[in-house]
Amino acid sequence: MTRLAFNNSFWALGLVLQCGLLALLFLRGIATKLPNFTLMLVFYPLRSALLFLLFRHIDYSAYVSTYDALSVADLFLQLLVATEIALYLVRASGLSASRRGDLLFLLPCLALGATTLLCHLLPSSPRVPPDRMQLFNWFAMVFLCLWAIALPKPTPEATSLFRRILLGLASYGFLGICVTAVRTLAAANRDAFHFAKSAYILPIAWLVVVLYWIAILRPHTDQLDTPPQLIESPVPSV
């Protein structure tokens, strides 16, 4: 199989799996509970299909501009998803309003600090500079997932759905952080082999995450239908 045929087959497989995940979200009643997450999953196959259809049919500068615009939209959707999940979890955690505000302020600060530190530690590479905004989003998902895992067990069972989503996003994000470091180091050292091979890691990882969600996402309908702030929790407010 040629490299082009492999790439096309891989693209088609990804499109099928992502569309399958979307269908299951609607069939299982999850899509309406997580509109931003669903919107992001709708956006990804549409973006992939659009870029595939435009490739070699428009001039290079127009294609790059389209790609960059879609990348900005992707970053914005990732932030929406992180915010959507964070708001639900802090409401379901039993924390007081002030503690919720502190936590929602702390998470992006941690992500910003980690992003700044990593970019400072990585060698300067004007050829392939690290995407700071994407790193920020990935760190935010990782820290949000760690906090979700640490939530007290009495937290409503409905939050398990959000934990499962976060586990996929955070695993992908952690791998993305590692891949960014590898690619930046490879570019700085002019290591074409590792730079090229690392390009396949994240697409493959995303398909694994999609398969994980297809297998594991199940709604807790009765509790998801209750607004987060009205869910009873034995965890006292502080």
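Rule-based calculations on the coordinates, nothing more; no lab input. Nothing here was measured: the structure is a model prediction, and the numbers come from that model. Here the Cβ positions follow ideal geometry from the backbone for every residue, glycine too, while neighbour counts run over all protein chains shown.
Points to keep in mind about this one:
- Gained length - Ala150 relative to Thr83, 0.36 nm times residue gap less alpha-carbon distance: 22.3 nm
- Note on the chain: GNM, Cα springs under 10 Å; of Phe55, Phe136, Phe26, the largest mean-square fluctuation is that of Phe55.
- Label-point gap, in nm, between Ala5 and Ala181 - each point 7 angstrom along Cα→Cβ: 3.8 nm
- Using the Karplus relation 6.51 cos²θ - 1.76 cosθ + 1.60 with θ = phi - 60°, the per-residue 3J(HN,Hα) values for region 6-14 come to 5, 4, 5, 5, 5, 4, 5, 4, x Hz, with x marking Gly and Pro.
- Working note: Karplus 6.51/-1.76/1.60 with θ = phi - 60° gives region 30-45 the couplings 8, 4, 6, 7, 10, x, 6, 4, 5, 4, 5, 6, 6, 5, 4, x Hz, where Gly and Pro are set to x.
- Tyr60 versus Phe26: modelled label distance in nm, points set 7 Å from Cα along the beta carbon direction: 4.0 nm
- Computed from label points 7 Å out along Cα-Cβ, the spacing between Ile204 and Leu112 is 3.7 nm.
- Among Ile201, Ile216, Ile58: highest mean-square fluctuation, GNM of the chain, C-alpha pairs under 10 Å: Ile58
- Prolate/oblate/rounded label for region 1-52 (Cα gyration tensor, a/c 1.5): prolate
- Cα convex hull of the chain - mean projected area over all directions, nm²: 14.4 nm²
- Whole-percent P(r), region 1-113, all Cα pairs, 10 Å bins from 0: 12, 29, 30, 20, 8, 1.
- Shape call, region 40-96: gyration tensor on alpha carbons, a/c limit 1.5: prolate
- Integer Hz, Karplus 6.51/-1.76/1.60 couplings in order for region 68-82, x for Gly and Pro: 5, 5, 5, 5, 5, 4, 4, 4, 5, 5, 4, 5, 4, 5, 4
- Estimated from helices alone, the mean residue ellipticity of the chain at 222 nm is -25500 deg cm²/dmol (sum of -39500 (n - 2.57) over DSSP H runs with n ≥ 4, per residue).
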